[in-house]
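Quick notes on the structure that follows.
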Amino acid sequence: MDSLLAGSFPKSFSYSFTTTGGNLWRSKRCVNNYYSIPSSCASKASRHKKIQNEYNTLRFWQPSLNHYCKGAEGRSTYQECNGKFVVKAAPEQSFESEHPAFDPKNILVAVKNSLDAFYRFSRPHTVIGTALSIISVSLLAAEKLSDISPLFFTGVLEAVVAALFMNIYIVGLNQLSDVEIDKINKPYLPLASGEYSFATGAIIVVSSSILSFWLAWIVGSWPLFWALFISFVLGTAYSINVPLLRWKRFAVLAAMCILSVRAVIVQLAFFLHMQTFVYKRPVVFSRPLIFATAFMSFFSVVIALFKDIPDIEGDKIFGIQSFSVRLGQKRVFWICVTLLELAYGVSLVVGATSSCLWSKIVTSLGHAVLASILFNHAKSVDLKSKASITSFYMFIWKLFYAEYFLIPLVR
């Protein structure tokens, strides 16, 4: 059988065939000692005819090929099949190289995934909170309708962009310092999930801090610069794991960092940026500004306490002594709800004592509604479910956003 097959196929032909079961592809050259093919047969014009002849020959020898075909290079294969053989290759080499087709959808998917990863890395709830707080506090500096001018929008834009870069620096540094903890507490974050390498995260963090200070220097506003600098120092001290720092390990220091930035720096520094740098007016601490600072002090403490409730598992493992670890989730949860309800109660008194009728109605009614929504929502939280606690934490951020819509209306 060996010699019969070896003498039955044209010289210099390569075959690739497969069974209908799709289990095997082979390419063997069968050498013919009795026949020779003129070189003119290799011309492009005769390729189709040659393939047809090969196919017909292969069909003729199918019963033998079902058992055995021996290559001229000395390698042999044994293949038994029940199906039909299909010719796949051409003489000597393939006629053309195949390349995958260009698909624009692949690029769109890659861009979408990159944007989604950066979106999660930037911690969007903090980005939204930062932007809304600056816009709201800036409106407190507007004494009359004519103050809402291109000058106002330019000053707000300068502050918001610089602050957002600093916000990304702070939350990014926290993720770089907490990769192992986040694999337990927040595995969806890009560094914890492996979507970002440590180097990628570091580049984003360093670039964000540089851009933030560069913008402050270009603008030339000292209140803006000091707001960014103090946020930078406290954000670094909160997260970075070096001796005497990483203050997030200590519940009181962690709460003070967040309170200082969210309650004091944001309210006072960005107000002064608009008041003294943009409008060129003397420093005045108005009633609405004092109210905003006091109310957001309550809110910042609540955020500082509540953010650790869903993260208690990882914090215990890595020795983060948050209030949730020390006092328990349930106790801290109701402390947070009580503090917020007290803040809304104070807001009702402030609204009721306003000399402006429309401000009295809007702020009193608005805070009463928010307080009732908070209490009803709190009763439905399942403290044994991390998903339920996390959902309520994001609900607190929505209350945070809502408050910044009411603050400019306080008079």
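Below are the figures for this structure:
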item	result
Added length on full extension, which subtracts the Cα-Cα distance from 0.36 nm per residue, D382 to A294	28.6 nm
Paramagnetic reach from L145 (point 7 Å along Cα→Cβ, amide N under 17 Å) across the range 333-368	358-359
Ranked by how many other beta carbons lie within 10 Å on average, peptides 224-237, 205-218, 187-200 from highest	224-237, 205-218, 187-200
By accessible area with a 1.4 Å probe, ligands and nucleic acids excluded, highest first: order of S286, S221	S286, S221
Amide N of the range 107-134 lying under 16 Å from the label point, which is placed 7 angstrom from the Cα of K398 along Cα→Cβ	125-126, 128-129
Sites S193 and R249 - FRET efficiency at Förster radius 25 Å, r taken between beta-carbons, to 0.05	0.55
Length released on extending from I210 to W334, taking residue separation times 0.36 nm less the Cα-Cα span	40.6 nm
In Å², nearest 10: area of R249 left accessible to a 1.4 Å probe	80 Å²
10 Å binning of all Cα-Cα separations within the range 105-282, expressed as whole percents from 0 upward	10, 35, 32, 17, 6, 0
Tail weight of P(r) past 28 Å, computed on alpha-carbon pairs of the range 256-411, percent	28 percent
Relative contact order computed over the range 217-285 (Cα-Cα under 8 Å; 6+ residues apart), in percent	35 percent
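The values are calculated or read from the model by the stated rules, or taken from the named source; none is laboratory data. Values in this document were obtained by computation on a predicted structure and should not be read as measured data. Positions of Cβ are generated from backbone atoms using ideal geometry, with glycine treated the same way; all protein chains shown enter the neighbour counts. Protein only, heavy atoms only, side chains kept; ligands, DNA and RNA dropped before computing areas. Shrake-Rupley method; radii C 1.70, N 1.55, O 1.52, S 1.80 Å.
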